[in-house]
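Colleague: Sending over a structure as structure tokens; questions will come in a sec.
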């Protein structure tokens, strides 16, 4: 199932969602501006590499700081145009409504915390891995979880493939996003060979479920007439 849009207009301009979209696209353009060997070196330097965290030793403060910053930088890197477009599609559809209910500052902090949680879970499940981990998927997984909790009945226009056939259907967000999370759980066994950080997706989603209530606005906004 591929979501295309939701029938759930936001009441405010989602400045943070727009900024995240622009930043991710700009960083990807910056990646492409470098020749392949140099781009590969840059990505390895800015990506999360689980074994680097496992091998940190006390007394190496500079090294710890350098490795620690990759938890943030990796969130804005992508390995291909398909990787970028897929992530940005989900952020575009579901991010604005979550930002609407949380507020701009809360939403940004929520997004970053979900991304950090996603990387931490991936590191914990594959501490010896030397495979660079990049992408906004973990942070966006948290946004999907928040949307599912806040707007379970919102209708999502979804492209469904059944063998060679495809059709457009409006499905409740609870089903679309619940099915997405189920796929991550079923695919988690591919961590060693699949090339996708499934546990990062799971970690980001669970973090979103845990954080959505405390990050939601305490008081409803007043409507002025």
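FYI, it's all coordinate maths here, none of it is from the lab. Note that the coordinates shown come from a computational prediction; the quantities given were computed from them, not determined experimentally. Quick reminder, even Gly has a Cβ in these numbers, built from the backbone with ideal geometry, and neighbours come from all protein chains shown.
Colleague: Considering only the stretch 108-127, I want to know if a residue exists there that is assigned to a loop (DSSP other than H, G, I, E, B) and in contact with a helix residue (DSSP H, G or I) (Cβ under 9 Å, 6 or more places away or on another chain).
Modeller: yes
Colleague: Right, another one. Residue 70: without any contact (Cβ under 8 Å) to a residue 40 or more places away in the chain and surrounded by 13 or more Cβ atoms within 10 Å (Cβ to Cβ), yes or no?
Modeller: Yes: the conditions hold for residue 70.
Colleague: Which one of these does residue 68 not meet: (1) under 18 Å from the mean Cα position of the chain (by Cα); (2) under 25 Å from residue 202 (Cβ atoms)?
Modeller: Result: residue 68 fails condition (1) only.
Colleague: Which residue is surrounded by the fewest Cβ atoms within 10 Å (Cβ to Cβ), if the candidates are limited to the stretch 80-128 and must be under 18 Å from residue 184 (Cβ atoms) and over 15 Å from the mean Cα position of the chain (by Cα)?
Modeller: 124
Colleague: Check off (1) touching a helix residue (DSSP H, G or I) at 6+ places or on another chain (Cβ under 8 Å); (2) part of a helix (DSSP H, G or I); (3) without any contact (Cβ under 8 Å) to a residue 12 or more places away in the chain for residue 196 and give me the number that stays unchecked.
Modeller: (2)
Colleague: Which condition number in (1) touching a helix residue (DSSP H, G or I) at 6+ places or on another chain (Cβ under 9 Å); (2) without any contact (Cβ under 8 Å) to a residue 40 or more places away in the chain is the one that residue 95 fails?
Modeller: Of (1) touching a helix residue (DSSP H, G or I) at 6+ places or on another chain (Cβ under 9 Å); (2) without any contact (Cβ under 8 Å) to a residue 40 or more places away in the chain, only one is false for residue 95: (2).
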